[in-house]
Structure formats: structure tokens, C-alpha cells
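A.B. asks: Submitted below is the structure of interest, expressed as C-alpha cells.
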Amino acid sequence: MKQIRPYFVVISAVLTFLSFPPFTLGPLIFISLVPLLYAVEGLAPYRAFKYGFLWGVIFFLGLVYYIGLVTVPGMIATVLIMALIPATALWIYSRLVIRWSLLALAFIPTYLLTWNWLFTKSDLNYPWGDFGYALSYNLPLVQAADIGGVYLISLAIIVVNLLILASISRRFTKDESRAVIPRLVAAMLIISLYSYGVMRITHLRKETATRELAVGLIQGNITKDIKWDRGSLKISFDRYFSLSRRAVDDGAQLLIWPETALPTYLAQEPQNMALVTAFVDSIGVPLLTGVVYYRTDPLGGYIFYNSAILLEPGKDEYQLYSKVHLVPMSEKIPFSGKIRKLKEIELGQANFSSGETLTEFNLDDFDFSTLICFESAFPGYTRQFARLGAKFLVVITNDMWFGRTSLFEQHAMMAVLRAIENRLPVVRAANTGISMAIDKTGQALARSEIFQEEYLVVKIRPESSRSIYNRIGDIIPQTSAVIAMFCLIIAFLNKKEYIDETYVE
């Protein structure tokens, strides 16, 4: 067993990675953690920690390797920090399992969910590895997200893995004749998820629309060699104007351009602003576009924001939203807003500042909210927008920095969970793709190819959010945090000497 344990860890990490987009092997996630958990059976805590860390490095490196295309130090830091979560989970698990085996099983899912949730509340906000996203291509299996968010799907996945472990581990099932019980429970859990999903999809698709809105999603495909070249500004203007006119000719009632669509401080440059507002007036259709926005601080310096503005025909004023959740290591150094010395670190990041307020864009009867890029990864944050009264959600992004990598599918499929959680349509405009429109069941109504200049005109059905998750919020990770804390206290009160039962040097 000593020689094959590392292979089990590697197999588990690879299977888990292959469960995530862009691969369409999502159901593998229901068994992918079993080899890891089996590999740490009988190990002392420090050895379990090492295996958990190895698993985390392999999994997260496979998942987010593309960060290295923007910042190699940032990628390394992200992988190492994230790898500490499974490492510490297995360390505590091994302290508990000898004396309190059932408590140890309860600790694994609650601890992992707690960290996934806490990461959304801090500057270390990178919730890319939530297991629930692995099933985003399998719509019936993720419909229960309208009850407990992606956290409920992740919880079900971890519990199924633990039930399978319990059925093959002598520690949990000493009587072979009873091993079938956890397997049956695991099967029933998966069947229940699937059945609920089919029922909800069938019901929601039978509902008739009271009103529709034709949205034009403009994918300019402005590559990075000209994106921030001021001399190429005319190319960007001409391309977005041309695609937008074609979208309006096809019936678009609202145009959406991607994150930082134009290489200009649009709101602070009157000549360029006049050009865009004149265009909006000429086509008679509102335009939401991503911009870089700035203001001066009391010392005369500049504070920069990644923002979105809504321009309407015949109106001089614009509505503004500035991105609150910034990408760690890429748009800012974590905690640099509180520790000034961290601002001196240079890893190639943009050094934006976080916006301070949520904005609901008011557009006749079709109020909506905008998530900028990375913000679509945060279920609780998206829920806040839905509770403001948004009738649909907009995601604007620019993923060109990451080339032809798995980032495109991973990022796009997160919008599927946001639509299901809030039972709201989601439209997504991306500079180089994937632009798409998603209905409230998570079904893609239309989607673009990556690195192509194109536009989509899609009719969506704006409506108020009616999901259980929208009402109760993050009660699952919050409850998990309480249980995990209780388990931690028990683990550290346990003074038992740990003897490595099956691993012999």
C-alpha cells in the first residue's frame, strides 16, 4: 500500500480536473475524490497533510494554469494557497477519524464548503474549484442550485464520494454485508438530484412569457496587440459601431459591449464620449459598455476602476457601476487596500480599486445588474443584485489574456449556475468569447465561438427572481462553518497519540 498511495492521489487529482469544463466528463466528480480519501486511510496527520497538498497542487495547477499567461508568480501563489485547503482538511480528518469516524466524515464537506464560502468574502477570492461547477454541462444535476446555490451541488458531490469510501473502507463498514447500504444511499442521492432537475426544467419551460427583450451581444474580438494601442482606437470604434448597427437591424433593443471595450477613459474624455453618445442617439437603442474609469483622490492622485456605464438615447447622464470583486494577483494584490506596503509589490497586476456600491441599472421596465468578468464566480454577490430587483443579469468580460485555454469554458459555465440559482436569464458579452445568452434553467439560447468577430441577437424573458436560494441565501456554507468549527475543536482537544496504522517507513 505504501508504494501505491501516491498514485491514488495523482489519479484522484487528474479525475477531478477532468470533471471540470472544458471536458464533458462532469459525472466523474462523483467518484474522483474516493482514491484520495482511500490513500490517506490510516496515515498520521502530517502524512495526510502532504498527500492533500500534493493533490491540491496537481488539481489546481491543471485547473488554473492559464493564470501563468498573465502572471507566473500570481499563478504559483494561487496554486499553493489553494492547495492548503485539501491539505489541512485531510490533516484534521486524520486527527478525527481514529476516534470519531462519523465526525471525521462530517468534517470533510463542511470544511471544504466553509473555505469556498470564506474565499468569496475576502481578498483571497478565487472560488474556481467549487466541485458543483463540474456538473455545469449536466443541467438536470445542477437544478437544485435554486435551493442552496452551487454549495448544495458541491455538498451532494462530496457526500456521494464519502458514501462510496464508507462502502469500501473497513474502518467505516466492518461488516461486508452492510457495505451495500452507503452505496444505495449514494445512488439515491444522485437519482434525487437528477429527478428534481428534470421536474424543475419541465415545469419552468412550460411557463409562458409575459414580455421579452431582444439583447444584442457584441463580440468585437479586439486582440491584445491593438487592445490598448491608442493609435488603434479608430479600429475599435469602427468595429463596435458596425457590429452594433447590424445587431440593431436584426431587432436588438439593448446593446451590450464587453468589459473595457474601448482603449479610452470614455467618461473622462469628452471627444470620445460625444462620439459614442452620438452613435447611441443615431440608432435609438441603449448601450451598456465596459470602461476604465478614474477619479482623483484628496492628494491629487488617481484612483482607477474597472467599470460599466449605461448610455441611453437622448440623455446626457449615464449610469455607472464599478467592479467590486477584483481578480487577486491580476487586478490587485490581496489586502493591498489595508496594508500599504503590499501596493509596492509588482507582479504585473493592474492595481485597480474596488467599487463601493452595488448598482441596478434602470432601463424602462427592464431593470438589470451587471457583473464584470470575475464577479460572475460569486453566487452570494450575484444574489444581492437579484434581490435589488434585477430582472436579468449581464456579464461583461474580456478573457483574451488567457489565449485558447480552458479558462473560456470554465468562466462561461459559471454563468449557468448563476442563472439557475436566481432563476433569472443571464446574457454574457465577451471581447473574444464566449458570448452567450442563458435562460433561467441554465440552457444556452445562443453562444459564440472564441476569437471570432460576431454579434448575437437573442430574446430573453426578464422577470423577478423566485428561487429559494434567493430568499435564504448562503445558509448551507454558514451552517457548514458552524459544524466545521465544532469538529476543529474536537480534533484539537483530542490528545491521542497518532500511530500510523498502515504506513510503514
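The values are calculated or read from the model by the stated rules, or taken from the named source; none is laboratory data. Every value quoted in this text rests on a predicted model; they were computed, and no experiment measured them. All Cβ positions, even for glycine, are placed from backbone atoms using ideal geometry, and neighbour counts span all protein chains on display.
A.B. asks: Taking only segment 23-40 into account, find how many residues are of a type outside the set (Gly, Ala, Ser) and surrounded by 21 or more Cβ atoms within 10 Å (Cβ to Cβ).
C.D. replies: Total meeting the criteria: 8.
A.B. asks: Given the condition of a type in the set (Asp, Glu), at pLDDT 85 or above and assigned to a loop (DSSP other than H, G, I, E, B), answer yes or no: does some residue in segment 267-288 qualify?
C.D. replies: Scanning segment 267-288 turns up at least one residue that is of a type in the set (Asp, Glu), at pLDDT 85 or above and assigned to a loop (DSSP other than H, G, I, E, B).
A.B. asks: Can you work out which of the residues in segment 374-397 that are assigned to a loop (DSSP other than H, G, I, E, B), more than 16 Å from VAL150 (Cβ to Cβ) and not charged (D, E, K, R) is modelled with the highest pLDDT?
C.D. replies: Taking the candidates together, the pick is ALA390.
A.B. asks: If a residue has to be under 16 Å from GLU259 (Cβ atoms) and surrounded by fewer than 20 Cβ atoms within 10 Å (Cβ to Cβ) to count, how many in segment 306-320 make the cut?
C.D. replies: 1
A.B. asks: Here is a further query. Going through PRO477, PRO462 one at a time, which residue ends up being within 20 Å of the chain's Cα centre (by Cα) and not aromatic (Phe, Trp, Tyr)?
C.D. replies: PRO477
A.B. asks: Something else now. Which is assigned to a helix (DSSP H, G or I), crowded, with 18+ Cβ neighbours inside 10 Å and out of contact with any strand residue (DSSP E or B) (no Cβ under 7 Å at 6 or more places or on another chain), of LEU189, LEU163, LEU184?
C.D. replies: Going through LEU189, LEU163, LEU184 in turn, just one is assigned to a helix (DSSP H, G or I), crowded, with 18+ Cβ neighbours inside 10 Å and out of contact with any strand residue (DSSP E or B) (no Cβ under 7 Å at 6 or more places or on another chain): LEU163.
For (1) touching a Gly at 6+ places or on another chain (Cβ under 9 Å); (2) in the same structural domain as LEU112 (by TED's automatic domain parsing); (3) among the acidic types (Asp, Glu), each residue gets a yes or a no:
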residue: LEU217; (1), (2), (3): no, no, no
residue: PHE241; (1), (2), (3): no, no, no
residue: GLN253; (1), (2), (3): yes, no, no
residue: GLU259; (1), (2), (3): yes, no, yes
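A.B. asks: Only one of ALA145, ALA104, ALA134 is hydrophobic (A, V, I, L, M, F, W, C), in contact with an Asp or Glu (Cβ under 8 Å, 6 or more places away or on another chain) and either over 24 Å from PHE49 (Cβ atoms) or not assigned by TED's automatic domain parsing to the domain that holds ALA415 (or both); which?
C.D. replies: Being hydrophobic (A, V, I, L, M, F, W, C), in contact with an Asp or Glu (Cβ under 8 Å, 6 or more places away or on another chain) and either over 24 Å from PHE49 (Cβ atoms) or not assigned by TED's automatic domain parsing to the domain that holds ALA415 (or both) holds for just one of ALA145, ALA104, ALA134, which is ALA145.
A.B. asks: Which condition from (1) buried (at least 24 other Cβ atoms within 10 Å of the Cβ); (2) under 19 Å from GLY290 (Cα atoms); (3) touching a strand residue (DSSP E or B) at 6+ places or on another chain (Cβ under 6 Å) is the one that ILE438 breaks?
C.D. replies: (2)
A.B. asks: Are any residues in segment 236-251 free of Cβ contacts under 8 Å to residues at least 60 places away in the same chain and surrounded by 15 or more Cβ atoms within 10 Å (Cβ to Cβ), and if so, which ones?
C.D. replies: SER236, PHE237, TYR240, PHE241, ARG245, VAL248
A.B. asks: Being among the charged types (D, E, K, R) and free of Cβ contacts under 8 Å to residues at least 24 places away in the same chain is the filter here, so list the residues in segment 447-488 that pass it.
C.D. replies: Within segment 447-488, GLU449, ARG471 meet the criteria.
A.B. asks: When you scan segment 214-266, how many residues do you find that are of a type in the set (S, T, N, Q), in contact with a strand residue (DSSP E or B) (Cβ under 7 Å, 6 or more places away or on another chain) and part of a helix (DSSP H, G or I)?
C.D. replies: Adding up the residues that qualify gives 1.
A.B. asks: Still on this structure, please answer the following. Which is modelled with pLDDT of 95 or more, over 20 Å from ILE157 (Cβ atoms) and not assigned by TED's automatic domain parsing to the domain that holds PHE374, of VAL70, VAL57?
C.D. replies: One residue alone meets the criteria, VAL57.
A.B. asks: Okay, moving on. Looking at segment 260-267, can you tell me whether even one residue there is of a type in the set (Ser, Thr, Tyr), surrounded by fewer than 20 Cβ atoms within 10 Å (Cβ to Cβ) and out of contact with any helix residue (DSSP H, G or I) (no Cβ under 7 Å at 6 or more places or on another chain)?
C.D. replies: yes
A.B. asks: While we're on this one: Filter segment 302-337 for residues that are at pLDDT 75 or above and of a type in the set (Gly, Ala, Ser); which is farthest from THR370 (Cα to Cα)?
C.D. replies: If we take residues in segment 302-337 being at pLDDT 75 or above and of a type in the set (Gly, Ala, Ser), then GLY314 is farthest from THR370 (Cα to Cα).
A.B. asks: I'm trying to understand the selection: among the residues of segment 103-132, which are of a type in the set (Asp, Glu) and crowded, with 21+ Cβ neighbours inside 10 Å?
C.D. replies: If the condition is that a residue be of a type in the set (Asp, Glu) and crowded, with 21+ Cβ neighbours inside 10 Å, then ASP130 is the only one that fits.
A.B. asks: Evaluate segment 338-347: report whether one residue or more is surrounded by 13 or more Cβ atoms within 10 Å (Cβ to Cβ), assigned by TED's automatic domain parsing to the domain that holds ASP399 and at pLDDT 85 or above.
C.D. replies: no
A.B. asks: Can I ask one more? Examine segment 85-102 for a residue that is surrounded by fewer than 18 Cβ atoms within 10 Å (Cβ to Cβ), farther than 24 Å from VAL40 by Cα and not aromatic (Phe, Trp, Tyr), and state whether such a residue exists.
C.D. replies: Checking segment 85-102: not a single residue is surrounded by fewer than 18 Cβ atoms within 10 Å (Cβ to Cβ), farther than 24 Å from VAL40 by Cα and not aromatic (Phe, Trp, Tyr).
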